[in-house]
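One structure is given below, encoded as structure tokens.
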Amino acid sequence: MKPTHIEHIGIAVKNLEEAIRFYENVLGLECYSIEEVKDQKVKTAFFMIGKTKIELLESTDPEGPIGKFIEKKGEGIHHIAFAQEDVTRALSEAEKNGVQLIDKNPRKGAEGLNIGFLHPKSTFGVLMEFCGKK
Ligand code: ZN
């Protein structure tokens, strides 16, 4: 299955408020949504650029995935999300192609979308997310 576009780029930040100010004041973008995703222990802020979003991620728990990522690698790009018509199918097709999955089945992410992650070991070091309505 071919992704339709880059749905969003996930960026890990230590301080959401400060990062939002940068995106608003320096880049002139508008934060249209702030949402806590309890499941992933993050607070997210979204900006739209064309069809693509920037998703800022601040950890709400040092033991959560973003907390651990920042401790290990510092702030920066965390993942790239590809828009898929059918996340369930896209994940199972990737698995059939020998890709190691973090999520065998989609779960609910921010904005009520279905999401599933591919393991960076299988994707040349990039944490990839599939993201879509189905
Ligand atoms: Zn994401």
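The values are calculated or read from the model by the stated rules, or taken from the named source; none is laboratory data. As the structure is a computational prediction, the values presented were derived from the model and not from experiment. Methodologically, a virtual Cβ is constructed for each residue, glycine included, from the backbone with ideal geometry; neighbour enumeration extends over all protein chains shown. These area figures cover heavy atoms from the full protein model, side chains too; ligands, DNA and RNA do not enter into them. Shrake-Rupley method; radii C 1.70, N 1.55, O 1.52, S 1.80 Å.
Identify, please: which residue in segment 41-96 is assigned to a loop (DSSP other than H, G, I, E, B) and without any contact (Cβ under 8 Å) to a residue 12 or more places away in the chain and is, among those, most open to solvent (accessible area, probe 1.4 Å)?
Among them, the one singled out is Pro62.
All but one of (1) of a type in the set (Lys, Arg); (2) within 13 Å of the ligand (Cβ to nearest atom); (3) on the phi > 0 side of the Ramachandran plot hold for Lys53, so report the exception by its number.
With respect to (1) of a type in the set (Lys, Arg); (2) within 13 Å of the ligand (Cβ to nearest atom); (3) on the phi > 0 side of the Ramachandran plot, Lys53 is out only on (3).
From the list Lys96, Lys104, Lys133, which residue is modelled with pLDDT under 95, away from the ligand (no atom under 16 Å from the Cβ) and not aliphatic (A, V, I, L, M)?
Sole residue among the options that is modelled with pLDDT under 95, away from the ligand (no atom under 16 Å from the Cβ) and not aliphatic (A, V, I, L, M): Lys104.
Name the residues in segment 1-38 that are open to solvent by 90 Å² or more (accessible area, probe 1.4 Å), at pLDDT below 95 and either more than 25 Å from Asn114 (Cβ to Cβ) or away from the ligand (no atom under 16 Å from the Cβ) (or both), would you?
Lys2
Quick one: Glu63 ticks every box in (1) in contact with a Gly (Cβ under 8 Å, 6 or more places away or on another chain); (2) of a type in the set (D, E, K, R); (3) away from the ligand (no atom under 16 Å from the Cβ) bar one, so which box is it?
(1) is the only condition that Glu63 fails.
Does at least one position in segment 107-128 carry a residue that is of a type outside the set (Lys, Arg), touching a residue at least 40 places away in the same chain (Cβ under 8 Å) and assigned to a strand (DSSP E or B)?
yes
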